[in-house]
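To keep things clear, I will list the structure first and then write my remarks on it.
The values are calculated or read from the model by the stated rules, or taken from the named source; none is laboratory data. Computed from a predicted structure; not experimentally measured. Cβ: placed from backbone, ideal geometry, glycine included. Neighbour counts: every protein chain shown. The area values use the complete protein model at the heavy-atom level, side chains included, leaving out ligands, DNA and RNA. Shrake-Rupley method; radii C 1.70, N 1.55, O 1.52, S 1.80 Å.
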Amino acid sequence: MKRKQKKILQIVITALILIAIVFTVWSSLSKDKDKVAQVGDDAPLFELETVDGKKVNLEDFKGKGVLINFWGTWCEPCKREMPELENQYKEYKDKGVEVVAIHVRDNPQQIKQYLSSLKETPTFNVAMDNDNLVTDAYGVNPLPTTITVDKDGKVKSKHTGELSKKQIIKEMESVKVK
């Protein structure tokens, strides 16, 4: 009888440990999800270094619409949409729209090489998210991902995947202030 009781006790203890592990994992995953900016939330603030050594801070754009584009030099769809982002930025910067292209890895030389290969170097801010804190705060995956932030600092939209010219115009129209 003692042997049977020991076996039952072992099963109960194992079950309790498994329940505790599952609860811990579930809790940590749901907490991480809560940290990720959702449409309608205040946009997570950030300050990043640009490829030319300056700082770009989301707070500096208060009162303007902002299109934040997360990209990488190895990402073909990212590279295809970059020239159109520049074209539309030229059209919308006087309408209160800013563009911040955030490269998800710190590699200034590689980024500069890519940018210099373009017909036209972007005039908007190109920054680096060295430790992926901004990428994580916005829940970015996969690349490219584009977030729009309205003049009040609220996340207005999140689009994963390559944006067409028409989509870029639509996103910029949605956050323009003039």
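Gyration tensor over the Cα atoms of the stretch 85-139: the corresponding equivalent ellipsoid has semi-axes (square roots of 5 times the eigenvalues, largest first) of 21, 17, 6 Å.
Can you tell me the relative contact order of the chain? Whole percent, Cα pairs under 8 Å, sequence separation 6 or more.
Working: 281 pairs, mean separation 53.3, N = 178.
Relative contact order, the chain: 30 percent.
State which entries of K95/K166; K35/K166; K62/K165; K95/K156 exceed 19 angstrom in Cα-Cα distance in the structure shown. Checking Cα-Cα distances, K35/K166; K62/K165 exceed 19 Å. Axis of helix 2-35 versus longest Cα principal axis of the chain: the two differ by about 10°, to the nearest ten degrees. Peptides 52-59, 137-144, 111-118, 152-159 ordered by packing proxy, namely the average of other Cβ atoms within 10 Å per residue, highest first: 137-144, 152-159, 111-118, 52-59. Report, in degrees rounded to the nearest 10, the 0 to 90 angle that the Cα long axis of helix 108-117 makes with the longest principal axis of the chain. With rounding to tens, the tilt is 40 degrees. The aspartates and glutamates within cross-link reach of K79, meaning a Cα-to-Cα straight distance under 18 Å and a gap of 8 or more places when in the same chain, are D106, E120, D129, E162. Once the mean of 1/r is taken over each pair of separate Cα atoms and inverted, the chain shows a Kirkwood hydrodynamic radius of 18.1 Å. Every Cα-Cα pair in the stretch 134-178 was counted, and those over 14 Å apart are 51% of them.
Considering only protein heavy atoms and a probe of 1.4 Å, how much of the accessible area of the chain is carbon and sulfur, as a whole percent? Don't jump to the answer; show the numbers that get you there.
Details: 5860 of 10830 Å².
Roughly 54 percent, rounded to a whole number.
Could you give the Stokes-Einstein D for the stretch 19-118 in µm² per second, using the C-alpha Kirkwood radius, 10 °C, 1.306 mPa s?
On the way: Rh = 16.1 Å.
Taking Rh from Cα pairs, D becomes 98 µm²/s.
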